[in-house]
1. In this structure, does residue 164 turn out to be more than 16 Å from residue 227 (Cβ to Cβ), touching a residue at least 12 places away in the same chain (Cβ under 8 Å) and under 18 Å from the mean Cα position of the chain (by Cα)?
2. When both residues are 6+ apart or on different chains and their Cβ atoms are under 7 Å apart, which pairs have a first residue that lies in region 247-263 and is free of Cβ contacts under 8 Å to residues at least 24 places away in the same chain and assigned by TED's automatic domain parsing to the domain that holds residue 288, and a second that is surrounded by 13 or more Cβ atoms within 10 Å (Cβ to Cβ) and in a helix (DSSP H, G or I)?
3. Looking at 314, 268, which one is in contact (Cβ under 8 Å) with a residue 12 or more places away in the chain, assigned by TED's automatic domain parsing to the domain that holds residue 195, part of a helix (DSSP H, G or I) and in contact with a helix residue (DSSP H, G or I) (Cβ under 9 Å, 6 or more places away or on another chain)?
4. For residues in region 36-80 being touching a residue at least 60 places away in the same chain (Cβ under 8 Å) and part of a loop (DSSP other than H, G, I, E, B), which is farthest from residue 25 (Cα to Cα)?
5. Among residues belonging to region 113-141 that are part of a loop (DSSP other than H, G, I, E, B) and touching a strand residue (DSSP E or B) at 6+ places or on another chain (Cβ under 7 Å), point out the one that is nearest to residue 70 (Cα to Cα).
6. Please verify whether region 244-253 includes one or more residues that are more than 27 Å from residue 301 (Cβ to Cβ) and in a loop (DSSP other than H, G, I, E, B).
7. Filter region 122-143 down to residues that are farther than 19 Å from residue 101 by Cα and surrounded by fewer than 19 Cβ atoms within 10 Å (Cβ to Cβ) and give me whichever is nearest to the chain's Cα centre (by Cα).
8. Does residue 280 satisfy the condition of being in a loop (DSSP other than H, G, I, E, B) and at pLDDT 95 or above?
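The values are calculated or read from the model by the stated rules, or taken from the named source; none is laboratory data. Because the structure is predicted, anything quoted here is derived from the model rather than measured. Quick reminder, even Gly has a Cβ in these numbers, built from the backbone with ideal geometry, and neighbours come from all protein chains shown.
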């Protein structure tokens, strides 16, 4: 599938990606790797090369190589701990029992100290590194439609990666551009998905809306659970675009036909924060799934008729007054039950 960031085939169908998992991060009999103390600088030795048999390398060796390049480029002094190089974002991310042996192109580095020269070298010289991101001051996305958007900065390579989340009906695969959307670390169970499944079991909705959908995790999980009509919406362009992409990625697990994308990634990027809702993607069949970009406060029953259940996963959940106003407005304009995952 065409990647909107780098133009290559970074995005694959869920079934194809899942088939690679059992052996993806497992060492072969010839693999060897040193375990380093992440609280200390790495030892002054050359990091091991990737395994000549399978091409994988233990993650600590990869990070020691990353650290070495950053130190040469003066992004690190050499006194920082190994963990000071940054955060490893594994592709694909899922609940792992052991530290991984990384194949080529399976790691995105998120770092607050990395510079452009080191980033270019890391992508060129460290085979496991797919992309390098310099961390910004906040969490990527928006807290409201009138708030200043926050993003990290992609310095080199491609920062598209997938997370795999378990549901009762089977896993869902969620791709995102990591510099524009917040990080989610998959666990053996996901509390938001468990809450969603509990609400679906209690209320048996025909139409479910994920009003702040992000990249579409809850909406696609609801569709995978068998909800007949699912709507994903987010005001942030990257969220809506990747929700549409993830609908295509997971379509084999849903009772839908082809996905029609009405707004491309480039189209949405020109208007990063939407007010009036616009349709981004649709899919029909025995199930119906729609993706919108828009301010959830501007939806009404004419646009979304017959909504039984909605999830409201706001960034600012601690602002009880704001959450209360939004819930009251939604129930007046759209109707149906609403829950906060």
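1. In short, yes.
2. The qualifying pairs are 261/244.
3. Being in contact (Cβ under 8 Å) with a residue 12 or more places away in the chain, assigned by TED's automatic domain parsing to the domain that holds residue 195, part of a helix (DSSP H, G or I) and in contact with a helix residue (DSSP H, G or I) (Cβ under 9 Å, 6 or more places away or on another chain) holds for just one of 314, 268, which is 268.
4. By that ranking, first place goes to 50.
5. If we take residues in region 113-141 being part of a loop (DSSP other than H, G, I, E, B) and touching a strand residue (DSSP E or B) at 6+ places or on another chain (Cβ under 7 Å), then 114 is nearest to residue 70 (Cα to Cα).
6. yes
7. Selected residue: 139.
8. no
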